[in-house]
Amino acid sequence: MIRYFSNIWQSITTLLIGLRITLVHLAKARKGIVTLQYPEERWPRPERNIGFSHDSYNVIRSRLHVDIDDCIGCLKCVRACPVDCIHIKTVKVEKGTDILEANHIGITSNGTQKRLLLTRFDIDMSECCYCNLCVYPCPEDCIFMTGGPNSSKQEIDYEFSEYNRSDLIYRFAKVPKDQVEKYTPPPKEKVKIDVAG
Amino acid sequence: MGIETSTLDRSAIHGEEMVLNIGPQHPSTHGVLRLQVLTDGEIVTKITPYIGYLHRCFEKHCENVTYEQVIPYTDRCDYVASMNNNFGYAVAMEELMGIEVPEKVHHIRVIVAELNRIASHHLAIGTFGLDVGAFTPFLYCFRDRERILDLFELLCGARLLYNYIWVGGVSHDFPIGFVEKVYEFLDYFEPKIQEYNDLLTFNKIFIERTADVGVLPADVAISYGVSGPNLRGSGVKWDLRKNEPYSIYNKFEFDIPIGTGAMGTVGDCWDRYYVRIRELEESVKITRQALDQMPREGDVHAALPKKIRPPKGHVYSRTETPRGDLGFYIISDGKPKPFRLKLRSPAFTALSCIDEIARGWMIADVIAILGSLDIVLGEIDR
Ligand code: SF4
Ligand code: SF4
């Protein structure tokens, strides 16, 4: 009998202790303590001056962007990517010269002379796992995630939703469509068939 | 008056057993898990967990990517404690390659791993409360977990899948002011543990739902290979951070909380839950010590060749994640890609004993027992 009433008593007291916390919380609640009305309000993102002692840290995960004028086509980002979602095709051109009809600038902003013309530079953002591994090895710092420390180069964009999955493939190469053919090397005549493979 | 029940033929009222499927899409299975429950009325007579709904060929994938590229995949195994998974892999790789990492890296790793442990236990506590019907603590836990995720976002840009701890170091140093922010968080967070206790731990209704339910005796736990808080809840003092210290855990003072059966039997759901609450305090302690002792200057990468190519050989190394012993078995044949990589998942072993401990309980208790085991399906299926 005593046990029965002590159980009831304990239930009531412990419930009240819990309720006190929620009431205190309710009294202290201010706007924006937890819930944000998303499309109207946005959670503050670590901004441009987040204070790194080293400016090569790429500490943002959003949409990838490539400054195609600076890309030398070294394929380091392709090799680093664990899901193979970067696709690059290059053609050998004369070192360091501008090719106007293909929108090709011969020298990068770091002063490197380009040997390759990029006819294709696609990143499939629907496959990307936002691991940032492609950003670190780039010798020209031209592939990066938008926003954060890179805000001066490209504004942040992390909500790039599309109706169609193929719209998530971002094409960065600037060679005009009709010129691509001209720069694509002719396919090799004899295709070697590897029987054993 | 009436029929005397004792004279009834029991077999006449003993109906057929019913098969009940819980999941794959069920909020209390913490992921995509199907439990096939054989019930006799309300009593569970057998549980068969069916897994594989989240299988992503982690181990096979790893054989096709380089050693650095494995790290984003380990993130996705236990996605609520990615830092700890990165940590486990990095420790295994460093053992295989015989690398010594700088002192500062050790401290950074311990700090982020313990913060991630706090975040992971928040999820475990909150969803456990949710499973047994307490909605409020869940929101409180998420409010505080969010702060840790914000810290991680400041640190590496990502909120869940960090890819921060790399082989031979971490991807980059702490930002300026990060250490102060972590101190600030710890100061904010420590009193909140009392709040959880008031809200949930010592609530009579919660105790009635969990104490004495789903008792996992120590010998059963050991024979199933259960580890982590589930094992400690059964009263076994076993924590890799103390028993087989890796990284620099031997430098820190902390206790290993174990289940004492304070509310019922040793190894019941409440004990497993309370071990997690106490571990929050211990993690705060470790983080504080690591922050105090961390060298402020220094490099965050060990000297490494450009391409990671471990020598021929194999290694098995295990670390303590929020769910238990996470083991990595890596065989290297001297090429830049692993020959074989096996992950030993603590959540898998925890799930394997569910039939043993949930048999004979009611269906509603099965949900509580499953919640108290704190499984993550990403790690079970890999
Ligand atoms: S962020 Fe990772 S997955 Fe995405 S393109 Fe770069 S390397 Fe590939
Ligand atoms: S690593 Fe940089 S420079 Fe090289 S191909 Fe990729 S984006 Fe271009």
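Tell me which residues, restricted to the range A:104-138, are within 16 Å of A:L75 (Cβ to Cβ), more than 11 Å from ligand 1 (Cβ to nearest atom) and assigned to a loop (DSSP other than H, G, I, E, B).
A:T108, A:T112, A:K114, A:R115 - these are the residues of the range A:104-138 that are within 16 Å of A:L75 (Cβ to Cβ), more than 11 Å from ligand 1 (Cβ to nearest atom) and assigned to a loop (DSSP other than H, G, I, E, B).
Could you list, in sequence order, all residues of the range A:65-83 that are among the basic types (K, R) and either away from chain B (no Cβ under 13 Å) or within 8 Å of ligand 2 (Cβ to nearest atom) (or both)?
Listed by number, the list holds a single entry, A:K76.
Please state which one of A:N110, A:N132 is under 30 Å from B:A158 (Cα atoms), exposed (fewer than 15 other Cβ atoms within 10 Å of the Cβ) and either in contact (Cβ under 8 Å) with a residue 24 or more places away in the chain or within 14 Å of chain B (Cβ to nearest Cβ) (or both).
A:N110
Which residues, counting only those in the range B:48-76, are out of contact with any helix residue (DSSP H, G or I) (no Cβ under 9 Å at 6 or more places or on another chain) and basic (K, R)?
Within the range B:48-76, B:K60 is the sole residue that qualifies.
More than 26 Å from the chain's Cα centre (by Cα) and of a type in the set (D, E): does that describe B:E356?
So B:E356 fails the test.
Would you be able to say whether some residue in the range A:84-92 is away from ligand 2 (no atom under 13 Å from the Cβ), away from every other protein chain (no Cβ under 14 Å), among the hydrophobic types (A, V, I, L, M, F, W, C) and farther than 30 Å from B:K60 by Cβ?
There is at least one residue in the range A:84-92 that is away from ligand 2 (no atom under 13 Å from the Cβ), away from every other protein chain (no Cβ under 14 Å), among the hydrophobic types (A, V, I, L, M, F, W, C) and farther than 30 Å from B:K60 by Cβ.
Of the conditions (1) more than 13 Å from every other protein chain (Cβ to nearest Cβ); (2) within 13 Å of ligand 2 (Cβ to nearest atom), A:L100 satisfies every one except a single condition; which number is it?
Condition not satisfied by A:L100: (2).
Could you please give the count of residues in the range B:148-205 that are of a type in the set (S, T, N, Q) and within 9 Å of chain A (Cβ to nearest Cβ)?
3
Residues of the range B:216-239 being surrounded by fewer than 20 Cβ atoms within 10 Å (Cβ to Cβ) and in a helix (DSSP H, G or I), which ones?
B:A218, B:D219, B:V220, B:I222, B:S223, B:Y224
Looking only at strands (runs of 3 or more DSSP E) that fall completely inside the range B:290-358, which ones have 1 or more residues that are of a type in the set (S, T, N, Q)?
Counting at least 1 such residues, we get B:313-321, B:324-332.
With respect to B:E208, determine if the residue is within 9 Å of chain A (Cβ to nearest Cβ), outside any loop (DSSP other than H, G, I, E, B) and not aliphatic (A, V, I, L, M).
yes
Report the residue count in the range A:137-155 for those that are within 14 Å of chain B (Cβ to nearest Cβ) and surrounded by fewer than 18 Cβ atoms within 10 Å (Cβ to Cβ).
3
Return yes when B:Y89 is among the aromatic types (F, W, Y), in contact with a helix residue (DSSP H, G or I) (Cβ under 6 Å, 6 or more places away or on another chain) and at pLDDT 85 or above and no when it is not.
Criteria met by B:Y89.
State whether the residues of the range B:300-315 include one that is over 30 Å from A:Y136 (Cα atoms) and without any contact (Cβ under 8 Å) to a residue 60 or more places away in the chain.
The answer is no, given that none of the residues of the range B:300-315 is over 30 Å from A:Y136 (Cα atoms) and without any contact (Cβ under 8 Å) to a residue 60 or more places away in the chain.
The values are calculated or read from the model by the stated rules, or taken from the named source; none is laboratory data. Quick caveat, the model's predicted, so the values are computed rather than measured. Cβ coordinates were reconstructed from backbone atoms using ideal geometry, including for glycine residues, and neighbour counts include every protein chain displayed.
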